[in-house]
1. List the trypsin sites (Lys or Arg not before Pro) in segment 44-119 that DSSP assigns to loop (not H, G, I, E or B) and whose Cβ has at most 15 other Cβ atoms within 10 Å. Which are they?
2. Assign one of three labels to the chain, namely rounded, prolate or oblate, based on the Cα gyration tensor with a ≥ b ≥ c the square roots of its eigenvalues; rounded applies when a/c is under 1.5, prolate when it is not and a/b is larger than b/c, and oblate otherwise.
3. Given the pairs Lys112/Lys138; Lys11/Lys66; Lys11/Lys76; Lys11/Lys109, which span a C-alpha to C-alpha distance of over 20 angstrom in this model?
4. Please sort by residue number the chymotrypsin sites (Phe, Trp or Tyr not before Pro) in segment 66-141 whose DSSP state is loop and whose Cβ has at most 10 other Cβ atoms within 10 Å.
Amino acid sequence: MSTRRERREAKARRLREWADGRDAKADAAFDSADALAERFPMGQPILVGHHSEAGARRDQDRITAKMRRGIADQSKAAEMRARADGIERAAAHAIYSDDYDAAEALRAKIEKLEGQRARLRAYNASCRAAAKADPDAKTGDLSLLDDAQRADLLNLVRVCPYHVGSNGQFPSYASANLSCTIRATRKRLEQLEESCS
């Protein structure tokens, strides 16, 4: 019986194998088109009315078809590799319930999210305190935020400043979203612990 993580990794491997197969088909199609094209001197037009005209047109159509097939195979190979990359990227961050350390990983995730929420709330409180001291203050103590939260706040100010509070606070939905994620993760941890006991 394989775990979900193993099944996801197996799917990524299959996609990469299929992509390699598609690349091989693309190379074969390009080589075949090149072999046909070598029969004609570079830049030679089709000789209209000559006995070779029909064959030359068929060869030209074959070359075009093989090149298109090769391009399509290359495109499909790139798509499959992108899908495999996405699966591996998601699996690297995912916590699957059948992982041997799922409970510990969920506890660590909850702790990390609670830390983020506490920093966010402390920053918003510093914004309110700064506004009481100086009504023109537009920000609080940015050192209370971690680098990712600081970048998110600056991006929010740049892209949609109407979401930022009047004193530079994070929008209320940021804290609400973190609280909801913490609640959902706790519920998942409880379900996991119940199923293990």
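1. Loop-located and lightly packed - none at all.
2. Because a/c hits 1.5 or more and a/b fails to exceed b/c, the chain counts as oblate.
3. Result: Lys112/Lys138; Lys11/Lys66; Lys11/Lys109 exceed 20 Å.
4. Passing both the DSSP loop test and the Cβ count: Tyr100.
Just so you know, all these numbers are worked out from the coordinates, no wet-lab data involved. Owing to the predicted nature of the structure, the values given are computational and were not obtained by experimental measurement. Positions of Cβ are generated from backbone atoms using ideal geometry, with glycine treated the same way; all protein chains shown enter the neighbour counts.
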